[in-house]
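Student: The structure's right below; bear with me while I get my questions together.
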Amino acid sequence: MKKVSRSSLDACFAAIAASQKLYLPVADGEKKRGAKYAPWFEGAVYSTAVNTVRSAKDFFFPQVEKMTRFKMDGKQIEVEDIRKENEDFVIFGVRACDAASFAILDSVYLSDPVDSFYQNRREHGLIMTMACGKPTETCFCSVFGIDAAEPAGDISCWMTEDTVYMQANTEKGEALLASLPMLEDAADDAAEETKAAIRQVLDKLPLKDLSTDAFGGDKLMKLFDSDKWNSLSEACLACGTCTFVCPTCQCYDIRDYDTGHGIERFRCWDSCMYSDFTLCAHGNTRTTQMQRFRQRFMHKLVYYPSNNNGTFGCVGCGRCLKSCPISMNIVKVMKTLGEGNE
């Protein structure tokens, strides 16, 4: 384990940024919405906010990305690969919930057929996680077996009032720490007191006893046919906010547009909450908002764990609890459907 004083953290950031792009959470002062990831620059102030408004998913599965360009000359069509993401980069300050979301995205995009766009970014990225010093009342990652005091990643970090401890978990992580001369050796158990303090907070959070016992692939038809979906979904605005802040949602649409010099194909995030999601020539297979609402939560709590050895499609980051304009979220769905169904 290594350590660096917080007063030397900027020097550490500068050393990382000298060899590769560095991103970290900073206060979103313009919109006053909390923290957002941004490229490091001299004078940037690392934000200790519990979570960024948008998740770190953006680095590997961006909201919009160009995929291919088609150049046409008469009947001749030239297909051009226009990907430019070839630089190594580091993301500092990723929380345990977001780090856990990468495994869920990997199971989708790195399974055959592999998504080479996503794979390319994953190979170039290095993740430095940060344990949650002050989890909030909307956090419930522990419900899904995630330990906010022991975040995964290439390098795990713990911050105290005056020191940041760093532990490499992968070869990439070891190589990065070895390249930073300002780091000092620390005892392997140096962060144990910090971990214990975090777990004490986690044990007092209001959602820590939320149960997943009523969910999973073996409950599929019972949950699908529940008469509670109508009342749960009736106030939903279908705005899609929950899907756009979610670190594990992975749906997208692909479109082509004419640039005047050829055709460019791009993909962008989509939401199962939208009426035109997966719209086919014959129409949408889910014709009501209740069906679309049900699809979102059945996927997180039933379909995904059924196909992934019981792993749920939610990491308990709490973003949807904060952002939903009508205060409907996965916690309320779990509590309502779980009543009497454990």
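Student: Would you mind counting up the charge near P39? Only other residues with Cβ under 12 Å from its Cβ, with Lys and Arg at +1 and Asp and Glu at -1.
Tutor: Summing Lys and Arg as +1 and Asp and Glu as -1 gives 0.
Student: Among DSSP beta bridges lying fully in the stretch 2-202, give the percent that are antiparallel, nearest 5.
Tutor: Among the beta bridges of the stretch 2-202, antiparallel pairing accounts for roughly 65 percent.
Student: Using θ = phi - 60° and the Karplus relation 6.51 cos²θ - 1.76 cosθ + 1.60, list the HN-Hα couplings for the stretch 110-122 in order, rounded to whole Hz, with x at every Gly or Pro.
Tutor: Karplus-based 3J(HN,Hα) across the stretch 110-122 equals 9, 7, 5, x, 5, 7, 5, 5, 5, 4, 4, 5, 4 Hz.
Student: Considering the dipole of the stretch 217-338 built from charges on the beta carbon (Lys and Arg +1, Asp and Glu -1) around the Cα centre, which of I263, L279, V245 is farthest to its positive end?
Tutor: V245
Student: In the stretch 190-234, which trypsin sites (Lys or Arg not before Pro) are in a loop and have at most 11 other Cβ atoms within 10 Å, using DSSP for the loop call?
Tutor: K204
Student: Okay, moving on. Using Cα centres only, tell me the gap between the stretch 1-69 and the stretch 286-342 in whole Å.
Tutor: Distance between centres, Cα-based: 29 Å.
Student: Moving on. Please give me, ordered by residue number, the GluC sites (Glu not before Pro) of the stretch 155-261 that lie in loop per DSSP and have at most 12 other Cβ atoms within 10 Å.
Tutor: E161, E234
Student: State the antiparallel share, in %, of DSSP beta bridges confined to the chain, rounding to the nearest 5.
Tutor: So the antiparallel bridges in the chain amount to around 75 percent.
Student: Mean residue ellipticity at 222 nm from the helices of the chain, using -39,500 (n - 2.57) per DSSP H segment of n ≥ 4 over the full residue count, to the nearest 500 deg cm²/dmol?
Tutor: For the chain, the value works out to -7500 deg cm²/dmol.
Student: In addition: What are the lysines whose alpha-carbon lies under 26 Å from the alpha-carbon of K75, with same-chain residues fewer than 8 places away excluded?
Tutor: K66
Student: Moving to a separate point now. Under 23 Å Cα to Cα from K332, which lysines show up? Leave out anything in the same chain fewer than 8 places away.
Tutor: By straight Cα distance, K332 reaches K204, K208, K219, K222, K228, K300, K322.
Student: Hey, another quick one. I want the local charge near V201. Using Cβ-Cβ distances under 12 Å, sum +1 for each Lys or Arg and -1 for each Asp or Glu among the other residues.
Tutor: Computed value for this residue: +3.
Student: Separate question: Note down the net charge around I146, summing +1 for each Lys or Arg and -1 for each Asp or Glu among other residues with Cβ under 15 Å from its Cβ.
Tutor: +2
Computed from the coordinates by the stated procedures, all read-outs in this text should not be read as laboratory data. It should be emphasised that the depicted structure is a prediction, and the values quoted were computed from it without experimental measurement. Heads up, the Cβs are rebuilt from the backbone with ideal geometry, glycines too, and the neighbour counts pull from every protein chain shown.
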